[in-house]
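Only one structure is covered here, and it is reproduced in the block below.
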Amino acid sequence: MQRISSRSISDIPPAEHACFSFLEKGKAAFCGAAYPTEDSRSAAACPKALEICGDSFLRRPALMDVAMTNILSFASEGLFIMQDPEKHFRCAAAFLFLCKGAGRVVTAGNALALHYRDGRINARFRFPKNPPLGSGLHSAYEASAEFELSAGTNAFLLLCGEEGSDLEALIPPALKAPGTADEAWAEKIMDAVRGQRCTAGAVMIPERKGFLGL
């Protein structure tokens with residue numbers, strides 16, 4: 001079985017603040033992309049949100065509603081307590097949670113996630129009512145329904161950027177339905193968004209058979 005692979009790019013240098021994360025542990029995997037809001041003091045919210053969500057999920061992998069609620073609450077609260085009246089730390093984010101051949105997606109703020117199955121878009125995930133992470137101590141976040149990773153190839157594209165930007169317009173039409181969502185496709189996506197005020201991350205899962213213990 002080929003291993004899961006990922007590609008990412010952001011106009012924020014990773015040496016300054018990491019805005020993408022891909023982690024695996026046992027039968028679970030986490031992928032996240034983040035981008036600071038316009039009023040954020042810096043992009044420090046991005047690595048903090050990725051760390052909290054990734055660690056929380058992989059410590060006890062579960063796709064139940066209560067798990068999703070708790071993980072997003074931990075992240076938003078973790079960012080909120082960094083703030084004072086003149087120092088906001090908030091970020092848009094797109095998260096992919098995978099466990100035992102199933103998954104869920106959450107977006108916050110201006111973020112979008114696309115699920116490709118055998119090179120075609122199978123689902124779009126966007127939750128415009130979900131506020132940027134760090135917006136409050138008691139923010140509630142909607143997550144996608146749980147979905148199965150069917151036989152064949154699966155890939156996910158996570159995009160997040162500054163408020164008001166049209167994220168899907170960043171993707172060239174030829175790459176929206178590429179026929180094969182593989183490493184070469186991911187590299188082309190990264191080249192297409194290079195220099196844009198956004199973070200993009202792609203995860204490729206070539207085969208389901210044997211994936212994460214199945």
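The values are calculated or read from the model by the stated rules, or taken from the named source; none is laboratory data. Here the structure is a predicted model, which is why all the values come from computation and not from measurement. For neighbour counting, all protein chains shown are included, and Cβ atoms are generated from backbone atoms with ideal geometry for every residue, glycine included. Surface accessibility is based on the protein's heavy atoms, side chains included, excluding ligands, DNA and RNA. Shrake-Rupley method; radii C 1.70, N 1.55, O 1.52, S 1.80 Å.
A few notes on this one:
- Residue match in the range 193-209 (condition: among the hydrophobic types (A, V, I, L, M, F, W, C) and assigned to a helix (DSSP H, G or I)): yes
- Residue in the range 81-104 that is within 21 Å of A34 (Cβ to Cβ), within 17 Å of the chain's Cα centre (by Cα) and open to solvent by 30 Å² or more (accessible area, probe 1.4 Å) present: yes
- For the range 152-209, filtering for residues that are under 17 Å from I9 (Cα atoms) and in contact with a Pro (Cβ under 7 Å, 6 or more places away or on another chain) leaves 2.
- Subset of the range 150-185 [open to solvent by 10 Å² or more (accessible area, probe 1.4 Å) and in contact with a Gly (Cβ under 6 Å, 6 or more places away or on another chain)]: P178, G179, T180, A181
- The number of residues in the range 125-149 that are touching a helix residue (DSSP H, G or I) at 6+ places or on another chain (Cβ under 8 Å), surrounded by fewer than 21 Cβ atoms within 10 Å (Cβ to Cβ) and at pLDDT 95 or above comes to 0.
- Filter pass, L50 being at pLDDT 95 or above and over 15 Å from G32 (Cα atoms): no
- In summary, F22 fulfils each of the numbered conditions (1) under 14 Å from the mean Cα position of the chain (by Cα); (2) closer than 22 Å to L137 by Cα with the single exception of condition (2).
- The residues in the range 102-142 that are touching a strand residue (DSSP E or B) at 6+ places or on another chain (Cβ under 9 Å), within 22 Å of S165 (Cα to Cα), not hydroxyl-bearing (S, T, Y) and not in a strand (DSSP E or B) can be counted, and the count is 10.
- Residue in the range 77-99 that is farther than 25 Å from G136 by Cα, outside any helix (DSSP H, G or I) and either of a type in the set (D, E, K, R) or at pLDDT 90 or above (or both) present: yes
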